[in-house]
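Here's the structure, in structure tokens; my notes come after.
The values are calculated or read from the model by the stated rules, or taken from the named source; none is laboratory data. Keep in mind that this is a model prediction, so the values were computed, not measured. Positions of Cβ are generated from backbone atoms using ideal geometry, with glycine treated the same way; all protein chains shown enter the neighbour counts. Ligands, DNA and RNA are stripped out before the accessible areas are found, and what is left, the full protein with its side chains, is counted by its heavy atoms. Shrake-Rupley method; radii C 1.70, N 1.55, O 1.52, S 1.80 Å.
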Amino acid sequence: MKAKLEEIRLEALHALEGLDELDKLEEFRLKYLGKKGALTQVLRGMGGLPAEERPIVGQIANEVRNQLESELEQKTKDLKEAALTRRLEAEKIDVTVPGERPGLGRLHPVTTVLNELKDIFLGMGFDVAEGPEIEYDYYNFEALNLPKNHPARDTQDTFYIDNTILLRTHTSPVQIRTMEKQKPPIKIICPGRVYRSDEVDATHSPIFHQIEGLVVDKGITMGDLKGVLDVFAKAVFGPETKTKLRPHHFPFTEPSAEVDVSCAICKGAGCRVCSYTGWIEILGAGMVHPRVLEYVNIDPNEYSGFAFGMGLDRIVNIKYGIDDIRLLFENDIRFLKQF
Ligand code: PHE
């Protein structure tokens with residue numbers, strides 16, 4: 001039996017020496033020191049020994065057990081240390097490696113152009129006014145001389161919250177809200193998002209941006225309108241830019257006009273951007289309809305005014321030569337990085 005114990009000792013020590021993975025240590029413990037392990041097996045057979053030999057064999061067995069346990073403990077420690085060293089080595093941070101710069105953000109082209117336009121109008125003495133995007137039918141249509149069932153409502157179909165509340169189809173309701181609160185002289189622009197129930201394509205989006213302008217005072221004429229728009233167009237599209245007013249109809253202005261600017265790309269010669277006409281339509285305008293002034297208790301015999309409304313996205317597209325309005329709303333970084 002002593003020989004058997006020696007054999008176990010040698011075999012176990014040899015096996016332990018060859019182990020190089022922490023996971024394998026438990027297997028080792030079970031095999032030699034566990035309840036069903038080699039050592040226990042030998043001790044079980046002790047009953048068959050003569051009484052005087054038992055203590056001696058018992059002592060050797062204990063010795064073997066102690067030795068194996070302490071060797072196992074040492075091995076565990078060594079392997080754990082080695083694993084830690086390997087991990088530290090792998091996770092080592094080289095603080096001298098140059099850092100990665102976070103990408104610098106930039107303004108969306110719509111914001112950039114809006115800031116530019118605001119500057120131009122602030123320079124002419126306009127204030128900036130804002131209004132809600134979720135608007136009453138009254139402000140969006142009714143008070144702008146577009147009563148229920150007016151056929152011109154069809155051109156501005158929108159998203160209704162209920163019968164009286166909708167997503168505004170233009171920035172013109174801010175005219176009414178401003179004139180309700182403030183008496184002339186009034187000189188404001190109102191930029192903001194507007195909504196229409198339009199099918200999405202290269203030139204239509206159910207959400208887009210407008211800038212409204214409104215001037216009300218004594219003796220305001222169509223000449224003032226033309227002058228302001230001329231200064232504006234030259235500032236945005238260059239000093240040679242010409243403006244042209246074409247008669248049009250809006251229920252809230254009378255007379256009304258659509259305003260074209262000479263094409264900044266071809267200087268009027270005709271190109272793809274202006275559909276070979278030399279002109280680009282950029283806004284609607286006119287003299288504030290007397291009925292609109294009456295709605296907000298401003299006396300049309302005493303005061304007159306002009307208003308205009310332009311699509312901001314369209315101006316962005318013309319300025320940058322962008323041919324699809326969807327690009328402005330998709331937030332594709334590859335596109336936005338170019339500005
Ligand atoms: N609100 C009009 C539109 O969205 C534009 C406009 C504004 C026309 C002010 C005249 C005066 O089509």
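Structural remarks
- Global geometry of region 41-85, whether rounded, prolate or oblate, following the gyration tensor of its Cα atoms and the 1.5 cut on a/c: prolate
- Rough spin-label spacing in nm, given labels placed 7 Å along Cα→Cβ, for K31 and K218: 10.9
- Checking Cβ-Cβ separations below 4.7 Å across the chain identifies C190 as cysteines lacking any candidate disulfide partner.
- The chain: most fluctuating residue of Q156, Q67, Q210 per GNM, C-alpha cutoff 10 Å: Q67
- Helix 23-32 and the long axis of the chain differ in direction by around 20°, with both axes built from C-alpha atoms.
- Loop-located trypsin sites (Lys or Arg not before Pro) in region 247-300, at most 12 other Cβ atoms within 10 Å (DSSP): R272
- Cα pair count fraction exceeding 12 Å, expressed as % - region 288-339: 72
- Accessible surface for region 109-336, divided over its residues, is 47 Å² per residue with a 1.4 Å probe.
- Principal axis analysis of the Cα atoms in the chain yields extents of 133, 47, 34 Å, listed in decreasing size.
- Convex hull (Cα only) mean projected area of region 2-91, reported in nm² to one decimal: 5.9
- Shape category assigned to region 199-339 from the gyration tensor of Cα positions, a/c cut at 1.5: prolate
- Relative packing of peptides 300-312, 11-23 - highest average C-beta neighbours within 10 Å first: 300-312, 11-23
- Separation of region 66-86 and region 114-137, taken as the distance between their Cα centroids, equals 75 angstrom.
- Solvent-accessible area, 1.4 Å probe, carbon plus sulfur percent, for region 2-91: 52
- Label separation (D230 vs A152): 2.7 nm, computed from points 7 Å beyond Cα along the C-beta direction.
- Whole-percent carbon and sulfur share, accessible surface of region 109-336, 1.4 Å: 51
- The stretch between Y160 and A83, if pulled fully straight at 0.36 nm per residue, gains 21.1 nm over its current Cα-Cα span.
- For the residue pairs K4/K35; K148/K242; K118/K148; K183/K234; K4/K75, the alpha carbons lie more than 27 Å apart in K148/K242; K118/K148; K183/K234.
- Looking at region 215-297, the chymotrypsin sites (Phe, Trp or Tyr not before Pro) that sit in a DSSP loop and have at most 11 other Cβ atoms within 10 Å of their own Cβ are Y276.
- Sparsely packed trypsin sites (Lys or Arg not before Pro) within region 170-218, loop by DSSP, other Cβ within 10 Å at most 15: K218
- Modelled label positions at K242 and A3, each set 7 Å beyond Cα in the direction of Cβ, lie 12.2 nm from each other.
- Between L10 and E53, the C-beta separation translates, for a Förster distance of 22 Å, into a calculated FRET efficiency of about 0.55.
- Normalising the average separation of contacting C-alpha pairs (under 8 angstrom, six or more residues apart) by the number of residues puts the relative contact order of region 109-336 at 20 percent.
- Surface accessible to a 1.4 Å probe, per residue, for the residues of region 2-91, Å²: 70
- Computed packing ranks the peptides 256-263, 98-105, 57-64 as 256-263, 57-64, 98-105, most packed first, by mean other Cβ atoms within 10 Å.
- To the nearest 10, the accessible area of T277 is 80 Å² with a 1.4 Å probe.
- Fully extending the segment from F339 to I265, taken as 0.36 nm per residue of separation minus the present Cα-Cα distance, adds 24.8 nm.
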